[in-house]
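The values are calculated or read from the model by the stated rules, or taken from the named source; none is laboratory data. None of these values were measured; they are calculated from a predicted model. Please note: Cβ atoms are built from the backbone with ideal geometry, for glycine as well, and neighbour counts cover all protein chains shown.
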Amino acid sequence: GNEELYCIGCGAQIQTENKNERGYTPPSALKKGQETGELYCQRCFRLRHYNQLEKVSATDDEFLAMLSQIGEQDVLVVNVVDIFDMYGSMIPGLHRFVGSNPVLMIGNKVDVLPRSIKHSRVKHWMLQQAHQAGLRPFDVALVSGKKATQIDELLELIEQHRNGRDVYVVGVTNVGKSTIMNQIIRAATGNKEDIITTSRFPGTTLDLIRIPLDDGAALIDTPGIIHRHQMAHVLTANDLNIVSPQKEMKPVTFQLNPEQTLFMGAVARFDFVEGNRSSFTCYFANELKIHRTKLEKATDFYEKHKGGLLQPPNEKDINDFPPLVRKEFNVKEPSDIVFSGLGWVAVQNPGKVAAWVPEGVDVVIRQQII
Ligand code: GDP
């Protein structure tokens with residue numbers, strides 16, 4: 001009949017039309033649920049049976065409403081960021097919304113860092129970036145959602161600082177928050193059923209996942225928002241997989257003369273403008289091919305070969321790809337030129353270099369993290 005049905009897990013109205021919206025239930029499951037009287041939406045079903053969280057995103061307005069409600073409570077805020085894309089990970093204005101609540105920053109994807117990288121330096125850099133965005137986390141933790149490294153340590157750190165309060169986990173999409181939350185659920189609940197419920201802020205339609213903690217407080221997963229300054233915004237999902245470092249990076253060193261250029265596929269470009277011949281070490285996804293050419297010819301070379309010899313993006317997608325924008329750096333000490341979301345080039349000796357990235361993507365200089 002036409003009666004309205006509701007999920008007994010989260011209370012969402014059941015619908016069978018749109019997979020990405022609240023209350024979605026596959027028609028077969030709907031039938032079965034009606035027969036047994038246990039009707040769950042697909043999201044709650046998966047949570048109950050597999051302790052598997054699916055990702056949800058919010059609109060900008062919903063996200064802001066959520067943040068300001070978090071700010072009105074006495075809670076611990078955990079902000080998940082991608083260590084390869086600090087700029088694209090920062091939630092604009094987060095420091096204003098969290099008010100006086102303590103913030104713990106979690107840098108995800110530590111599995112991708114080569115062993116030669118000092119974690120203490122990475123943390124230091126992350127703190128600097130956070131401060132620049134006005135955020136003052138009391139600590140930074142490095143984890144891997146994918147490899148489940150440091151998850152127990154993370155839970156311990158949270159336990160130390162929450163003082164009986166609820167913990168809200170926030171992050172923009174693509175930083176790996178769902179992956180981490182699924183590891184946390186696994187670690188914190190030992191795969192027991194029935195311990196996860198969804199809840200909502202009054203007056204919003206946002207689903208929050210509450211993972212109950214021992215003392216009645218909860219760890220709360222929140223929807224993310226899309227950050228406009230991410231590579232995710234200018235690439236297809238497939239290309240994003242190619243350019244995002246997925247496995248431990250194998251750095252590649254080039255001996256360059258001044259006036260030589262490196263292309264990272266067609267997504268980024270590095271010019272050695274001025275200085276003495278020296279070595280440049282590239283830290284990018286192993287699948288991203290690096291091509292060396294002469295600076296003098298580089299712009300013509302790019303126009304001719306983008307989408308072909310220089311990929312990704314491929315021939316089909318290159319026309320939708322924004323032009324590369326140039327930013328110059330005067331290097332005075334051993335430094336990394338960081339291409340947000342992609343990786344970095346370590347520069348050993350003083351000189352002048354230029355980095356090119358799609359408009360909207362950030363590129364910055366930092367002290368070397370070796
Ligand atoms: P969310 O949008 O923040 O929930 O992000 P997801 O959990 O969906 O992850 C986004 C992408 O990052 C996926 O392709 C994941 O496989 C990848 N990812 C997540 N965590 C890690 C990690 O610790 N290491 C690596 N290498 N990739 C990760």
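If we keep just the residues of the stretch 85-96 that are away from the ligand (no atom under 16 Å from the Cβ) and closer than 15 Å to Gly224 by Cα, which is farthest from the chain's Cα centre (by Cα)? My answer is Gly93. Here Arg115 passes the criteria (1) surrounded by 16 or more Cβ atoms within 10 Å (Cβ to Cβ); (2) within 16 Å of the ligand (Cβ to nearest atom); (3) at negative phi except the one numbered (1).
Residue-by-condition table, conditions (1) among the hydroxyl-bearing types (Ser, Thr, Tyr); (2) over 20 Å from Gly341 (Cα atoms):
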| site | (1), (2) |
| --- | --- |
| Lys250 | no, no |
| Glu274 | no, yes |
| Tyr302 | yes, yes |
| Val325 | no, no |
| Phe329 | no, no |
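Applying a threshold of 6 Å to beta carbon distances and a minimum spacing of six or more residues, or different chains, the list of pairs starting in the stretch 250-273 at a residue that is assigned by TED's automatic domain parsing to the domain that holds Ile318 and in contact (Cβ under 8 Å) with a residue 60 or more places away in the chain and ending at one that is outside any strand (DSSP E or B) and surrounded by 16 or more Cβ atoms within 10 Å (Cβ to Cβ) reads Pro258/Gly275; Met264/Phe284; Met264/Leu288; Val267/Val243; Ala268/Leu342; Asp271/Leu295; Phe272/Pro258. Only one entry in Asp82, Asp74 is closer than 23 Å to Phe138 by Cα, among the acidic types (Asp, Glu) and more than 16 Å from the ligand (Cβ to nearest atom), namely Asp74. Out of curiosity, is Ser89 among the hydroxyl-bearing types (Ser, Thr, Tyr), touching a residue at least 60 places away in the same chain (Cβ under 8 Å) and more than 28 Å from Ala65 (Cβ to Cβ)? Judged against the criteria, Ser89 is not a match. Looking across the stretch 153-165, just one residue is crowded, with 19+ Cβ neighbours inside 10 Å and within 16 Å of the ligand (Cβ to nearest atom), and that is Leu154.
Residues being crowded, with 20+ Cβ neighbours inside 10 Å and closer than 20 Å to Leu206 by Cα are entirely absent from the stretch 100-111.
On inspection, Phe272 does not qualify as surrounded by 21 or more Cβ atoms within 10 Å (Cβ to Cβ), of a type in the set (A, V, I, L, M, F, W, C) and under 24 Å from the mean Cα position of the chain (by Cα). Looking at the structure I just gave you, is Val234 modelled with pLDDT of 95 or more, away from the ligand (no atom under 16 Å from the Cβ) and closer than 30 Å to Glu54 by Cβ? No; evaluated as a whole, the condition is false for this residue.
Residues are listed down the side, and each one gets a yes or a no for (1) aromatic (Phe, Trp, Tyr); (2) closer than 30 Å to Gly9 by Cβ; (3) crowded, with 18+ Cβ neighbours inside 10 Å; (4) in contact (Cβ under 8 Å) with a residue 40 or more places away in the chain:
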| residue | (1), (2), (3), (4) |
| --- | --- |
| Leu127 | no, no, no, no |
| Leu135 | no, no, yes, yes |
| Asp139 | no, no, no, no |
| Leu142 | no, no, yes, yes |
| Ile151 | no, yes, yes, no |
| Gly171 | no, yes, yes, yes |
| Lys177 | no, yes, yes, yes |
| Ile180 | no, yes, yes, yes |
| Arg186 | no, yes, no, yes |
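For the residues Lys327, Lys352, the requirement of being more than 28 Å from Ile226 (Cα to Cα), part of a strand (DSSP E or B) and of a type in the set (Lys, Arg) singles out Lys352.
Of the residues making up the stretch 35-51, those that are more than 25 Å from the chain's Cα centre (by Cα) and free of Cβ contacts under 8 Å to residues at least 12 places away in the same chain are Glu35, Thr36, Gly37.
Consider the stretch 17-34. How many of its residues are surrounded by fewer than 17 Cβ atoms within 10 Å (Cβ to Cβ), modelled with pLDDT of 90 or more and under 30 Å from the mean Cα position of the chain (by Cα)? Selection size over the stretch 17-34: 2.
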